[in-house]
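Contents: one structure, followed by commentary.
The values are calculated or read from the model by the stated rules, or taken from the named source; none is laboratory data. If you're wondering where the values come from, they're calculated on a predicted model, not measured in any experiment. Here the Cβ positions follow ideal geometry from the backbone for every residue, glycine too, while neighbour counts run over all protein chains shown. Side chains are part of the model used for accessible areas, which takes the heavy atoms of the whole protein and leaves out ligands, DNA and RNA. Shrake-Rupley method; radii C 1.70, N 1.55, O 1.52, S 1.80 Å.
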Amino acid sequence: MLVALGLFLSLWIIVPAPTLFLLIFGVGVPELSPWIVGLDLIALSFILVKFQPNYLYIAFFLASLMALALSLIPLMQFEAANAGFQLQMETRLGKDYLQQLPTALIAQMRPQPFVLADVFRGITLKDVRIQRDIQFASPDGQRLKLNVYQPLASGKHPALIVIYGGAWRQGEPSNHETFSRYIAAQGYCVIAVDYRHAPEYRFPTQLEDVQTALNYIRDRAERWEIDLQRVALIGRSAGAQLATIIAYQNQSTINFKAIINYYGPVNLVDGYQHLPLPDPINTRQVLEDFLGGTPKTKLKLYQQASPINYVQPKLPVSLLIYNGKDHIVQPTYGKMLYEKLLANDNKVILLTIPWADHAFDTVFSGVSNQLALYYTERFLAWSLHSN
């Protein structure tokens, strides 16, 4: 049973999830792979202790070895991925980019890209001030809320605006709250905002709701101790699509200095026409619910909802984080946006995690999120503190 369980779980490190239900394994197993390694080692130990020279034990032994080899993939790929990330950061921001940051701020960051013990015990969170469920608008009777996370120390702080994902269909500002609390403890005011959902409300409603939230935040910047000259945006998946458009179209009442895009859709026309295989969320249905039709019937709207069409020179510095195993937003879209930003002389960093699946950061202390968090907090600090 141990061998079968270990092999079943380990296979999800390389097998793409064919359905939304099974996506939990595709996302979670690589992030918790050190736990799976331990399980596979226990199973292998039992087989070796009781080993008998017959076909059944040999089959168990080989299956256990295969499971162990698969479960080790994220850890074996980690060093090369980290080296590539470090090179990207130094190439785009300068080899001395960390030297431009306050020493006290660096001391609050994670000391290493990966701490094995944190996978088992979790990443420690410090106390912060939290205000939840602040209503900022009620269009059509829909109560839109935001959450505010502030450091304990009073005074003007740089801000990070968070836009959640969920295929534009679901989600709330409390999603990924662990991340919001973690960043707030480093001296940022973090505000997670809400928007109305498809299919009842279609694009550009979501964009308008986020803009309403930004106006509300601007008007209360003094109350929440926000330095409006140092504000960044972060979005995940569908939220990254909204965040990127807002940052790039340059029509917001807040002047953003940076945008952090976690696995966001980039070209919705291409995404509709070139489906991932497998397609666990039924991509075409998601896009039709969001935009009210197909590219044939709503081409202009699809183009309007595609962040890549907003790329121009002199945009805020961008951090793009995509996943090599993603079958919801394929990593080629991250590269597509990266190359167009570079072609327009923008400062951009692309980090692709080879073993990770969509929404990897749901597991906050997982292997991928530790790596992403290490560089995200440094990028954010450089963007809002170095100049």
Computed from every Cα-Cα pair in region 1-63, P(r) in 5 Å bins starting at 0 and rounded to whole percents is 4, 18, 25, 20, 14, 11, 7, 3, 0
Computed curve, region 249-322, Cα-only Debye sum without solvent term, log₁₀ I(q)/I(0) at 0.14 Å⁻¹, is -0.55
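If each residue of separation counts as 0.36 nm, what is the full-extension length gain between residue 282 and residue 215 once their alpha-carbon separation is subtracted?
Values: separation 67, 0.36 × 67 = 24.12 nm, distance 3.43 nm.
Additional length available on full extension: 20.7 nm.
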Descending packing, highest mean Cβ count within 10 Å first, for 136-147, 352-363, 28-39, 92-103 is 352-363, 28-39, 136-147, 92-103
Of the listed pairs 257/340; 95/156; 296/340; 95/325; 300/340; 95/126, those with alpha carbons more than 22 Å apart are 95/156; 296/340; 95/325; 95/126
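Quick check: net charge around residue 194, other residues with Cβ under 12 Å of its Cβ, Lys/Arg +1 and Asp/Glu -1?
That works out to +1.
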Of every hundred units of 1.4 Å-probe accessible area on the chain, the number belonging to carbon and sulfur atoms, as a percent, is 57
Ordering 153-161, 205-213, 297-305 by per-residue average of other C-beta atoms within 10 angstrom, highest first, gives 205-213, 153-161, 297-305
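Rounded to the nearest whole Å³, what is the per residue volume of the convex hull around the Cα atoms of region 312-373? Each step should come with its number before you reach the end.
Working: hull volume 4.9 nm³, N = 62.
Convex hull of Cα atoms, per residue: 78 Å³.
Among residues other than residue 31 whose Cβ falls under 9 Å from its Cβ, what is the net charge (Lys/Arg +1, Asp/Glu -1)? Let's see the in-between values first.
Details: positive: none; negative: 357, 361.
Once all neighbours under 9 Å are counted, the net charge is -2.
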Residue span residue 386 to residue 101: 0.36 nm per residue of separation minus Cα-Cα distance leaves a gain in nm of 102.0 nm
Here the tail fraction of P(r) beyond 26 Å, over all Cα-Cα pairs of the chain, rounds in percent to 54
With the charge dipole of the chain built from beta-carbon charges (+1 for Lys and Arg, -1 for Asp and Glu) about the Cα centre, the Cα from 226, 8, 192 projecting farthest to the positive end belongs to 226
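For residue 125 and residue 11, what does the FRET efficiency come to when R0 = 51 Å and r is the distance between their Cβ atoms, rounded to the nearest 0.05? Mind showing how you got there, number by number?
Details: r = 33 Å, r/R0 = 0.64.
Working from the Cβ atoms, E equals 0.95.
Pull up the DSSP beta bridges for the chain and report the antiparallel fraction as a percent, rounded to 5.
Numbers: 10 of 37 bridges.
Of the beta bridges lying entirely in the chain, close to 25 percent run antiparallel.
Which length gain, in nm to one decimal place, applies between residue 48 and residue 275 when the Cα-Cα distance is subtracted from 0.36 nm times their residue separation? Could you put the intermediate results ahead of the total?
On the way: separation 227, 0.36 × 227 = 81.72 nm, distance 4.49 nm.
The span from residue 48 to residue 275 would gain 77.2 nm if fully extended.
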Region 109-168 and region 352-387 have their Cα centres apart by a whole-number Å value of 15
Per principal axis, largest first, the Cα atoms of region 204-279 extend in Å by 48, 22, 19
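After finding the eigenvalues of the alpha carbon gyration tensor for region 88-163, what semi-axes result from the square roots of 5 times each, listed largest first in whole Å?
Details: eigenvalues 206, 70, 48 Å².
Ellipsoid half-lengths, sorted descending, are 32, 19, 15 Å.
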The ³J(HN,Hα) series, computed from each phi in region 103-116 with the Karplus coefficients 6.51, -1.76 and 1.60 at θ = phi - 60°, rounded to the nearest Hz and given as x for glycine or proline, is 4, 5, 6, 4, 5, 7, 7, 5, x, 9, x, 8, 10, 4
By the mean-Cβ-within-10 Å protection proxy, highest first, 223-232, 17-26 rank as 223-232, 17-26
Diffusion coefficient in µm²/s returned for region 164-248 by Stokes-Einstein, Kirkwood Rh over C-alpha pairs, 37 °C and 0.692 mPa s, is 243
Where a ≥ b ≥ c are root eigenvalues of the Cα gyration tensor, a/c under 1.5 meaning rounded, otherwise prolate if a/b exceeds b/c and oblate otherwise, region 106-240 counts as oblate
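Only Lys, Arg, Asp and Glu count, each charged at its Cβ (+1, +1, -1, -1), so figure out the dipole size of region 239-387 about its Cα centre, rounded to 20 debye. If you can, show how the numbers build up before the last one.
On the way: 11 positive and 10 negative charges, 83 e Å.
The calculation lands at about 400 debye.
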One checks the Cα atoms of region 4-127 and finds Rg and Dmax, in Å, of 19.6, 64
